[in-house]
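No lab work stands behind these numbers, since they all come straight from the coordinates. What you are looking at is a predicted structure, and each value in this text was computed from that prediction instead of being measured. Cβ placement follows ideal geometry from the backbone for every residue including glycine, while neighbour counts extend to all protein chains displayed.
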């Protein structure tokens, strides 16, 4: 397996586990992950938030960590990347307002490169207009956006993931084992035990 170069779109108050875990897991199996955020450069950081499921009507939110960006957003050349990773949390609600970011997402969709989105990451896919006819999971509160973007909301367990073509998606961080495994499959990564 040749190592892949993966672009990860992050922002302030992105979900801590959904940023840290895939970033570390993908690097652990040999892939290169470039973490970028609009209006920030390599060495800057985003602050994360920890979303927990504690029996309330929605998740609770607690302070996370400072996550250091590895590359400059303004220097991103989408054609030089093999895949795209979009964590959830609150960051997608404002990241989807960035026209350059949305054009970057469209590049990956049109080129049929692997895309992994989790939780509120579907908000970015919806805003980019790449969900037409696609089955996509997300945090349940994002269902209307998935459907309004022409997608078919995958109402699956919180620890499950779904792949439709080049897009793998999941409702939230409890799905990491399934979501990351399906993304690795799209990447052509084989782990031999």
With the cut-off at 1.5 for a/c, could you classify region 112-193 from its C-alpha gyration tensor as rounded, prolate or oblate? oblate
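For the chain, how big is the tail of P(r) above 22 Å, as a whole percent of Cα pairs?
When all Cα pairs of the chain are counted, 39 percent exceed 22 Å.
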What does DSSP give for the chain in terms of the percent of beta bridges that are antiparallel, rounded to the nearest 5? 35
In nanometres, the difference between 0.36 nm per residue of separation and the alpha-carbon distance of residue 57 and residue 27 is 7.3 nm
What is the Cα centroid distance between region 111-136 and region 165-179, reported in whole angstrom? 12
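Does region 54-114 come out rounded, prolate or oblate, given a ≥ b ≥ c as the square roots of the eigenvalues of its C-alpha gyration tensor, rounded meaning a/c under 1.5 and, failing that, prolate meaning a/b above b/c?
Here region 54-114 falls in the prolate category.
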For region 37-78, just say rounded, prolate or oblate: build the C-alpha gyration tensor, square-root its eigenvalues into a ≥ b ≥ c, call rounded for a/c under 1.5, and beyond that prolate if a/b exceeds b/c, oblate if not. prolate
Measuring from a point 7 Å past the Cα of residue 112 along Cα-to-C-beta, which residues in region 146-172 have an amide N at less than 11 Å? 165-166
If I build a Gaussian network model for the chain, linking alpha-carbon pairs within less than 10 angstrom, which residue out of 144, 171, 87 has the largest mean-square fluctuation? 144
Give, in nm to one decimal, the length gained when the segment between residue 192 and residue 44 is fully stretched (0.36 nm per residue of separation minus the Cα-Cα distance). 49.7 nm
When region 125-166 is reduced to its Cα atoms, the Kirkwood hydrodynamic radius in Å: 10.2
